[in-house]
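One structure is given below, encoded as structure tokens.
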Amino acid sequence: MPHLHRFILHPLTGKIFLCLLAGAYLIYLVAMGRFLSAPLSAPSESISEHVVGTNAAVAIKYWTVASMRDATDADLLTSQASDLTQGSIDTSAGKAAQQQGQPPRDGNLSYPLSTVGKVFFTTDAGRDAVCSGTAVVSNNHSVVDTAGHCLYLYGDWVQNVIFCPLYENGSTPYGCWAARDLEVPSDWIGARPNDYHHDFGMAIVAPNNQGALTDLVGGAGWAYNQSANQTFYPYGYPAAPPFDGQTRQSCKGSLGTSWQHAGGTVVSVPCNMTGGSSGGPWFVQISGNWYLNGHNDFISSLQPRHMFSPYYDDTWYALYDKAQHS
């Protein structure tokens, strides 16, 4: 009983002890409240994922030189003029960020053009088609950036997806890489007609017999939440007349114009590329470094001879980040 007796004889000590205990408990509640509320208040983007069931070797074998040449262009989407309103970008909506790229293993290759290639796929209706895409620097060395409609089209995922960087007239100097996973924003799958502001797509590819994708051809750096008031350099493989899809094409670097479109933001530049160029990169130069910051996506009668890209925002980054960890 001596310890109890001592406590009873010193009530001030007990009060101090109880106050300290109450303070510690209050701190615990505040900390737990912050811990529990953080995930609920943190911004999140919903991503839809499709794990490819076809073996990579089977997908590569499907595409012969002849079938690549015969594949038709994936039509450029066309926006109604009434869904476009010229307007500025709200730069306070998201923090601008960028990541430098990874140069190709072969120092003789021109970077970042070494990262540009053709995306081949088969639609759910069985039509062989083509888009364009870009190998992007990533943790898994295996991410290809393209348009969402090159991966999820007409209400279903496409099949036999491969990416062939540096394609030219049937030649693929480093071979092609088959997709093992396809990802798009969930709001692209649920988008209403004529809504292209989140037409983003990522294909995660399996290594080919030469290794991981960006280890060979390099990975383009990326940037998002950037100003549209900068010069964009579009590239791609247009396959509809007057082009034939057999060589990489480009448009002159031009300042972008921002538009409000279907509740989001898109950017346009003067460019005459046609179907098949969808998903091809828009590069920008910041402090002497090249970054991916858009892609060929759709056209509009409101701006003839112009190409539009979804604005690379937090949704784009969420999609990319999931892809590089897939």
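The values are calculated or read from the model by the stated rules, or taken from the named source; none is laboratory data. Note that the structure is a prediction, hence the values are computed from the model and not measured. Note: ideal-geometry Cβ built from the backbone for every residue, glycine included; neighbour counts use all protein chains shown. In case anyone asks, the SASA skips ligands and DNA or RNA and just uses the protein heavy atoms, side chains included. Shrake-Rupley method; radii C 1.70, N 1.55, O 1.52, S 1.80 Å.
Values computed for the structure shown
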{"item": "nm² value of the averaged projected area, convex hull over the Cα atoms of segment 50-146", "result": "10.6"}
{"item": "Inter-part distance where segment 101-178 and segment 273-300 are each reduced to a Cα centre, Å", "result": "14"}
{"item": "Principal axis dimensions, largest first and in whole angstrom, of segment 209-324 by Cα", "result": "45, 34, 28"}
{"item": "Total charge dipole magnitude, segment 207-326, about the Cα centre, Cβ charges on Lys, Arg, Asp, Glu only, Debye to nearest 20", "result": "280"}
{"item": "Per residue solvent-accessible surface (Å²) - segment 139-263, probe of 1.4 Å", "result": "34"}
{"item": "Interchain or long-range residues, amide H under 5 Å from Thr78's placed H", "result": "Ile299"}
{"item": "Mean separation of Cα contacts under 8 Å (6+ apart) over length of segment 208-264, as relative contact order %", "result": "31"}
{"item": "Accessible surface of segment 155-237, 1.4 Å probe, proportion on carbon and sulfur as whole %", "result": "44"}
{"item": "Mean-position separation - Cα centroids, segment 234-264 and segment 188-218, in angstrom", "result": "17"}
